[in-house]
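The values are calculated or read from the model by the stated rules, or taken from the named source; none is laboratory data. Note that this is a predicted model, so its numbers are computed, not measured. Every residue, glycine among them, receives a Cβ derived from its backbone with ideal geometry; neighbour counts consider all protein chains shown.
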Number of protein chains: 2
Amino acid sequence: MATIYEVAKLAGVSVSTVSRVLNGRSTVNQQLKAKVDNAISLLSYSPNSVARSLASSRSNSVGILVSEINSHFFCNMLTAVELTLRQANKHSIITVGHNDLEQEQEGVDFLIGRNCDALILHVEALTDDMLRKVNRDNTPIALINRVVPGMEEACISLDNELGGYLGTRHLIESGHTKIAYIAGPTSKVDANQRLAGHKRALKEAGLKIDQNLFYQGNYLESDGVDGLTELLKDNKEFTALVCANDWMASGAITCARDMGLDLPKDLSIIGYDNDLLAHLLYPQLTTLHNPIYDMGEMAAKYILNTVYKESNPIKNLFGPELITRNSVSPLP
Amino acid sequence: MATIYEVAKLAGVSVSTVSRVLNGRSTVNQQLKAKVDNAISLLSYSPNSVARSLASSRSNSVGILVSEINSHFFCNMLTAVELTLRQANKHSIITVGHNDLEQEQEGVDFLIGRNCDALILHVEALTDDMLRKVNRDNTPIALINRVVPGMEEACISLDNELGGYLGTRHLIESGHTKIAYIAGPTSKVDANQRLAGHKRALKEAGLKIDQNLFYQGNYLESDGVDGLTELLKDNKEFTALVCANDWMASGAITCARDMGLDLPKDLSIIGYDNDLLAHLLYPQLTTLHNPIYDMGEMAAKYILNTVYKESNPIKNLFGPELITRNSVSPLP
DNA sequence: AATTATTAAGAAAGCGCTTTCTTAAATGTG
DNA sequence: CACATTTAAGAAAGCGCTTTCTTAATAATT
């Protein structure tokens, strides 16, 4: 790899001049600029961004840390973030934290050590204090799916409670009154919010909350199977089932079919997230759209605003939207 | 952020000594080491990897460039690569090329400029020559799903032809003789290989290749719908359908159901890739497993061997495996 | 024409580390 | 005890850039 010195030598100018044409800042004489450009292409020179970054303490790249990378959900988010940043000529450095405190911590350190101009995080293990500290220490942060007190304007999140409410209300409006629920893990804020919305809808309709119609799941497909199996025991009565995410709904659908139920006539099912799989299921799943793509885009735009002087309008709270397909049937 | 100087000052030693304990190379006096360790934790010092990388021209990170990041396929691969590297204490810098020559080129330059010790690439636009050049220029490369003459040992690929053969042979063994085919784009090597395998199986069984039973698709779900619609026109006779990937098979299944066909009795369908969606479809899809996770892991191991002196056994060619589910029914 | 203000380009310092070179101390040898 | 050999720690150079500081040349002002 050629260095800036070789370019300067070949062009017969100083390195400062080369640096200037490289960065297009101060005006450089046209002829000199031409010479430099020529030398650059002759040597097929490409500046070393590590050196650049060290010297300028900027890097034109933002660090992205996600919990996992093995689901469509995160891919969707990453695609949006990467694309938005790329369009602004910024690079993405993507790292994975596996929901583990140590790994998330290490990931953040790595990204900061790499001179990232900012971070976009989707993390669970790091505490609010840690996040606030990083933010104070001169590395701007955007947070997805999390609200940290004191840095609200940097948080892009989803109104999970509203989604929970809308889903259950849809069932109620379709005539259902006996509604079972398979919940997500209590350790996750979003799962609790979704459940809270469900309860609000029941309450509003004057329906009682029946602990017999509740199953504690963990967001996995198998929890849908186990949950519905459990709920169907003892001939409990219900005509509709709310699952806190689409994967559990998928498991429930498989289970219901295996039990010989005719969907959606015998049982209406509703999911959450509008994952890619929702429209592949049979019957196609009615669910709540989780606009994670848009949220990723928004987080990127927030960073472009704070670090790179753009001025995009920012929206911090996103609303889920009911997507009606074929897994809910009205009760007469 | 504290620097190595502050650590040295606080510990009362020279920066060289701090650097030595940091890198654990030459022996350092126990007492001094203790002092340094103490100073490090007192200042919660974390070395700047940009500076480190510039000084040592190593970075302990490998660059990963993939075509896209919005599919389960790539996520799977990335997960494997990231995990394998992480376990060896190496970091991953992930970038996306969007199958565009300029973007792929830029991505490679970015990663090299970031002093990546090596690259793992899943690219289509970059030419063989370009890849060989990068490889010669001192940046070791591993290639996934591509074979570049002259650097075979760095290429991890799938025997697509074999998969094509196995799928069609499975149908033939189940008694089918009239088999339609929805192909992937001719611009993709893997698509052509899959088709070649299909033809070999037909030939071997003495069946003729019928152009009427062929549809040219593009790997999209909608191509499955369009393809089957087209094939069903004019009452063409066939009892089985091979799709060059699972997404097209998914489209075909939806289409078949919409046309009132009873699957798999009226039509056997087989896919390719064993994408996550395969087991969600109804009927669950018989398909060929594409071991992309294992391939990603292998590519990472190859890099660990060449750059970081490990010595894992390397396998360059992976074989697909038939996964039988419920979308193929035997003909009497 | 003499002075000041502006501009363009070079010189050099510095970003935060690693690593080679040097020096001083500790150890071994006859 | 004088000398050679090994070892541990510090000094300093350098990685490839950016950016501030200088200086020289040009333009503007009175």
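Can A:Leu288 be described as part of a loop (DSSP other than H, G, I, E, B) and surrounded by 19 or more Cβ atoms within 10 Å (Cβ to Cβ)? Break it down into steps so the answer makes sense when it comes.
On the way: part of a loop (DSSP other than H, G, I, E, B): no; surrounded by 19 or more Cβ atoms within 10 Å (Cβ to Cβ): yes.
Against the criterion (part of a loop (DSSP other than H, G, I, E, B) and surrounded by 19 or more Cβ atoms within 10 Å (Cβ to Cβ)), A:Leu288 does not qualify.
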Taking only pairs six or more apart or across chains, which ones have beta-carbon atoms under 6 Å, a first residue in the range A:225-250 that is closer than 18 Å to A:Gly197 by Cα, and a second residue that is polar (S, T, N, Q)?
-> A:Ala240/A:Ser268; A:Val242/A:Thr168; A:Asp246/A:Thr287
Identify the residue in the range A:75-93 that is facing another protein chain (nearest Cβ under 9 Å) and β-branched (Val, Ile, Thr) and, among all such residues, is nearest to the chain's Cα centre (by Cα).
-> A:Thr79
Restricting attention to the range B:19-33, the residues that are more than 7 Å from DNA strand C (Cβ to nearest atom) and within 24 Å of A:Gln105 (Cβ to Cβ) number exactly 3
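Being in contact (Cβ under 8 Å) with a residue 60 or more places away in the chain, buried (at least 24 other Cβ atoms within 10 Å of the Cβ) and assigned by TED's automatic domain parsing to the domain that holds A:Ala244 is the requirement here; does A:Leu166 meet it?
Values: in contact (Cβ under 8 Å) with a residue 60 or more places away in the chain: yes; buried (at least 24 other Cβ atoms within 10 Å of the Cβ): no; assigned by TED's automatic domain parsing to the domain that holds A:Ala244: yes.
No: the conditions fail for A:Leu166.
Having 2 or more residues that are near DNA strand D (Cβ under 7 Å from one of its atoms), surrounded by fewer than 21 Cβ atoms within 10 Å (Cβ to Cβ) and under 36 Å from the mean Cα position of the chain (by Cα) is the bar; report the helices (runs of 4 or more DSSP H) wholly within the range A:1-74 that clear it. If you could, list the steps in order and put the result at the bottom.
Values: elements: A:4-11, A:15-23, A:30-42, A:49-56.
Here the list reads A:15-23, A:49-56.
Could you tell me which of the residues A:Met295, A:Met248 is among the hydrophobic types (A, V, I, L, M, F, W, C) and within 14 Å of another protein chain (Cβ to nearest Cβ)?
Details: A:Met295 fails: within 14 Å of another protein chain (Cβ to nearest Cβ).
After ruling out the rest, the residue left standing is A:Met248.
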Write out, first by first residue and then by second, each pair whose Cβ atoms fall under 8 Å of each other, whose residues are 6+ apart or on separate chains, and whose first residue, in the range B:55-68, is touching a residue at least 60 places away in the same chain (Cβ under 8 Å) while the second is assigned to a loop (DSSP other than H, G, I, E, B) and within 16 Å of DNA strand D (Cβ to nearest atom).
-> B:Val62/B:Cys116; B:Val62/B:Asp117
Which residue, of B:Ala125, B:Ala55, is more than 7 Å from chain A (Cβ to nearest Cβ) and within 23 Å of B:Met1 (Cβ to Cβ)?
-> B:Ala55
In the set A:Leu317, A:Leu277, which member is aliphatic (A, V, I, L, M), touching a residue at least 40 places away in the same chain (Cβ under 8 Å) and surrounded by fewer than 18 Cβ atoms within 10 Å (Cβ to Cβ)?
-> A:Leu317
Boolean, A:Asp262 is within 14 Å of another protein chain (Cβ to nearest Cβ), under 16 Å from A:Asp223 (Cβ atoms) and free of Cβ contacts under 8 Å to residues at least 40 places away in the same chain = no
Number of the exception - A:Glu204 against (1) more than 30 Å from A:His122 (Cβ to Cβ); (2) crowded, with 19+ Cβ neighbours inside 10 Å = (2)
Just checking, how many residues over the range B:38-58 are of a type in the set (Ser, Thr, Tyr) and either near DNA strand C (Cβ under 6 Å from one of its atoms) or more than 15 Å from B:Val18 (Cβ to Cβ) (or both)?
-> 4
Taking the range B:110-150 as the region of interest, how many residues are free of Cβ contacts under 8 Å to residues at least 60 places away in the same chain and assigned to a strand (DSSP E or B)?
-> 4
